[in-house]
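S.K.: One structure follows; several queries about it will come next.
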Amino acid sequence: MKDRRKRSVFSWRALFFLLTVVLLFLAAFSSSLARLWLPAGSFQPKLISKRNIPAMEVISAENCLSPVAVSIRETVIFPDEAVVFLKYPPSASLFTKDDINCIYLFPNSSHPQLFLSPSATDSDGGGHHIVRCPLPPTRGTIVSLSIKHNGDHLAPGPMQRWDSLAYEAMIDGSDNTTLVFVKGFNLRSGRAADSSKFKCVYGSDSVLSADAVSAAQEVVRCRTPLSVLNGSHPDNSIKVSVRVVGKQAVDSAARLQSPELTPLSSTGGSSGKSHKMCVCTMLRNQARFLPEWIMYHGSVGVERWFIYDNNSDDEVDSLVGTLAGLGYNVSRHLWPWIKTQEAGFAHCVVRARDSCEWVGFIDVDEFLHLPSGSSSLYEDVIRPLGAEEGVGEARVACHSFGPSGLREAPARGVMAGYTCRLAAPERHKSIVRPEALDASLINLVHHFHLKPRFWHVNVNRTSLVINHYKYQVWEVFKEKFYRRVATYVSDWQQERNVGSKDRAPGLGTKAVEPSDWPSRFCQVKDTDLRDRILDTFTDPQTGYLPWEDQHRRSQT
C-alpha cells in the first residue's frame with residue numbers, strides 16, 4: 001500500500017507537469033501564429049510615459065549569467081539608435097551581442113512583438129555598460145533585452161531622449177563640487193549663464209538639492225551635499241540631475257560614484273604630478289590612425305593619452321589594449337553622447353588634472369610638429385613658456401593639409417603620405433595647465449577660458465605647429481559627414497553657417513566627391529615632418545615605420 005501510494009502521487013505530479021508544459025506551448029504557439037497573420041505595417045506602438053512602463057513577466061538574467069541580477073538602468077533614444085544602459089554586479093559576466101536580442105513592446109503589453117539583434121555591446125573601466133539596439137520603429141515603443149539561451153527578458157528601464165538629459169556627473173577633487181553634464185537648457189556657446197537659476201538634485205526622488213555655483217554650455221557646477229561626499233549610498237552611486245528653479249529636473253542617466261576626497265593644491269606646478277605632458281582626444285571610427293598618432297607623440301614627449309570614444313564600431317577598444325600592452329599609457333573612456341565635444345574635453349581635463357601638469361587637446365589627425373628639430377615637446381617648448389607663473393595656455397597654430405594628389409589612403413601613414421597644405425594656418429589648438437582653467441570649464445574646442453590671473457601665449461611657429469591632416473583622400477574625409485561631434489558646430493548636411501572655417505570650402509552640404517578633390521588645398525609643398533619621421537623612425541633592417549610594422553603584425 002505504501003509503495004502504491006508513492007507511485008500514485010508521482011503519477012499525478014507527472015500529469016500536472018505535462019499539462020503545464022502543453023499549455024505553455026500552446027500559448028507560445030498561438031502568440032507566434034497571431035504574429036504570422038498580422039498584416040504588414042500593423043506594428044504601430046504609441047508613445048507612453050516612462051512612469052507607466054508595463055511589468056514584464058520574466059525579470060532578469062540571474063539564472064544564466066550570475067547569481068546576482070543584471071538590470072537595465074535606462075534606455076536613451078538617439079537619432080539613429082537606442083542605447084540600453086545596464087547595471088552589472090561585480091560578479092556578473094558581461095553580455096556579448098551574441099548573448100542577447102533587443103526586444104520591442106507595444107504600449108500596455110507585456111509581450112514583445114519584435115526581436116532584433118543588437119549592433120554592439122560595449123563597456124569600459126568607468127562604469128559604462130551599454131547595448132546598442134536598432135532604433136524603435138515608432139516613437140513610444142518600449143525597448144528591452146532578452147537572453148537568447150533561455151528566452152528570459154530584462155525588465156525595461158525608463159526611456160529617455162538624448163537631447164534633454166543629464167548624461168554624466170563627477171566630483172571635482174579640487175573643491176569637491178559636483179559637475180553635471182546636461183543637455184536641454186540650450187545655454188550659449190562661450191558664455192556663462194546665471195547660476196542662481198539652477199540647482200543640482202540628487203537621488204531618484206530628487207529631494208536632496210544643492211545650489212549651482214556656475215553654469216555654462218553643458219556644464220553645471222554645484223556645491224556637493226556632505227551626505228553625498230560621505231558616499232553613504234547602497235549601490236555606491238547616486239543619480240544626479242539639474243533643474244531650473246521652480247521647474248522639474250531633466251531626466252538623468254548621470255551617476256556619481258562615491259568620491260575619493262583628495263583635494264588638489266590650487267597653486268599649480270608639477271608637484272605631485274606623475275606626467276608632465278598629456279593629451280585628450282575624442283574620436284569615432286578612427287582606430288586605424290591611433291598607432292601612428294600615439295607612437296609619434298610618445299616620441300616627442302607625450303606621456304599619457306585619454307581617448308574619449310564617441311560611438312566607434314571599429315574595435316578601437318582592442319587597439320587601445322594592444323597599445324597599452326606595448327607600454328603606452330593610454331586609456332579609453334566610453335562616451336556615447338553625441339554633439340558633446342566641448343563637454344567631453346571639460347570632463348577630460350578634470351580627470352587629467354590630478355596627474356598631468358599640462359594637457360593638450362588635439363584630434364587624431366593632428367600632429368604636434370617641432371620644426372626646429374627639437375626632441376622634447378615639454379622640455380624644449382612648454383616648460384620654458386610655462387616658467388612664467390601666470391601662463392595657463394599655449395596656443396599652437398594649425399596647418400591644414402590636403403589630399404596631396406592621392407586617391408587612396410597612404411599606406412605608410414598620414415605624416416609620410418600628405419605633403420601639400422594651405423599656406424596660412426587655420427585656427428589653433430591649445431595645451432593648457434589644468435589649474436588655470438575657469439571654474440565654468442567653458443571651452444570652444446580650440447581653447448578654454450582661464451581664471452583672471454592667468455593668460456595665454458601664442459607659440460612661435462618656428463618652435464611648434466600642428467600638422468592637421470584635415471582634408472584627406474575622399475574615402476577618409478567623407479566619414480566626417482556622418483556627424484560632427486562639436487556641440488556648437490553645424491553638421492555639414494545642414495544649411496547653416498555655410499561660410500564657417502569648420503566646413504570644407506566649396507563642398508556644400510552633400511557628401512559627393514568633387515572631381516578635383518585630390519588636387520585641392522595644395523598651396524605649399526611641406527615635407528618637413530615627412531622627412532623627419534622617415535629619417536628617425538624607419539627600421540634599418542625591415543624598412544618599416546613602427547606603425548606600419550604594428551599594422552602588418554595585426555594582419556598576420
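S.K.: Set the Förster radius R0 to 30 Å, insert the Cβ-Cβ distance between ARG395 and ASP80 as r into 1/(1 + (r/R0)^6), and round the FRET efficiency to 0.05.
M.R.: Calculated value: 0.25.
S.K.: Once you put a point 7 Å from the Cα of ASN150 and another 7 Å from the Cα of GLU408, both along the Cβ direction, what distance in nm separates them?
M.R.: Once both label points are built, they end up 5.2 nm from each other.
S.K.: Another question, if that's okay. Count neighbours as other Cβ atoms within 10 Å of each site's Cβ, and list the trypsin sites (Lys or Arg not before Pro) in segment 151-258 that are DSSP loop with at most 10 such neighbours.
M.R.: Passing sites in segment 151-258 are ARG188, LYS247.
S.K.: Give me the distance between the Cα centres of segment 164-243 and segment 114-153, rounded to whole Å.
M.R.: Centre-to-centre (Cα) distance: 28 Å.
S.K.: Still on this structure: Tell me the Kirkwood radius of segment 102-247: reciprocal of the mean inverse pair distance over distinct alpha-carbon atoms, in Å. Each step should come with its number before you reach the end.
M.R.: On the way: mean 1/r = 0.0565 Å⁻¹.
Computed over segment 102-247, the radius equals 17.7 Å.
S.K.: Any idea how far apart ARG139 and ALA423 come out in nm if each label point goes 7 Å out from Cα toward Cβ?
M.R.: 5.2 nm
S.K.: For segment 293-380, treating each Cα as an identical point scatterer without solvent, what Debye log10 I(q)/I(0) comes out at q = 0.13, 0.22, 0.24, 0.26 1/Å?
M.R.: -0.47, -1.27, -1.42, -1.51
S.K.: Within segment 396-433, find all residues whose amide N lies under 20 Å from a label point positioned 7 Å from the Cα of ARG288 along Cα-to-beta-carbon.
M.R.: Residues 401-420 fall inside that zone.
S.K.: Among rounded, prolate and oblate, which fits segment 117-158 when a ≥ b ≥ c are the square roots of the eigenvalues of its C-alpha gyration tensor, a/c under 1.5 means rounded, and a/b larger than b/c means prolate?
M.R.: The shape class here is oblate.
S.K.: Compute the FRET efficiency between LYS197 and LYS525 as 1/(1 + (r/R0)^6), taking r as their Cβ-Cβ distance and R0 = 56 Å, and round to the nearest 0.05.
M.R.: Numbers: r = 54 Å, r/R0 = 0.97.
The computed FRET efficiency comes out at 0.55.
S.K.: Does a label point 7 Å from the Cα of TYR544, set along Cα-to-beta-carbon, have any residues of segment 268-311 with amide nitrogen under 14 Å, and which are they?
M.R.: 291-292
S.K.: According to a simple spin-label model (label point 7 Å from Cα along Cα-to-Cβ), what is the distance in nm between ARG453 and ASP98?
M.R.: Simple spin-label model gives 5.9 nm for this pair.
S.K.: Over all distinct alpha-carbon pairs, what is the Kirkwood Rh of segment 273-331 in angstrom?
M.R.: That comes to 11.6 Å for segment 273-331.
S.K.: Using alpha carbon centroids, what distance separates segment 331-366 and segment 290-321, in Å?
M.R.: Using only Cα atoms, the two centres lie 12 Å from each other.
S.K.: Okay, which of segment 161-191 sit inside 20 Å, backbone N to the point 7 Å along the Cα-Cβ direction of ASN230?
M.R.: 171-172, 176-178
S.K.: How much FRET efficiency would the formula 1/(1 + (r/R0)^6) give for ASN460 and VAL207, where r is the Cβ-Cβ distance and R0 is 51 Å, rounded to 0.05?
M.R.: Numbers: r = 56 Å, r/R0 = 1.09.
Efficiency at R0 = 51 Å is approximately 0.35.
S.K.: In the full protein assembly as shown, how much of ASP251 is accessible to a 1.4 Å probe, in Å² to the nearest 10?
M.R.: Per-residue accessible area (ASP251): approximately 50 Å².
The values are calculated or read from the model by the stated rules, or taken from the named source; none is laboratory data. This is a predicted model, so every value here is computed, not measured. Don't worry about glycine lacking a Cβ; one is built from the backbone with ideal geometry, like all the others, and counts go over all protein chains shown. The area values use the complete protein model at the heavy-atom level, side chains included, leaving out ligands, DNA and RNA. Shrake-Rupley method; radii C 1.70, N 1.55, O 1.52, S 1.80 Å.
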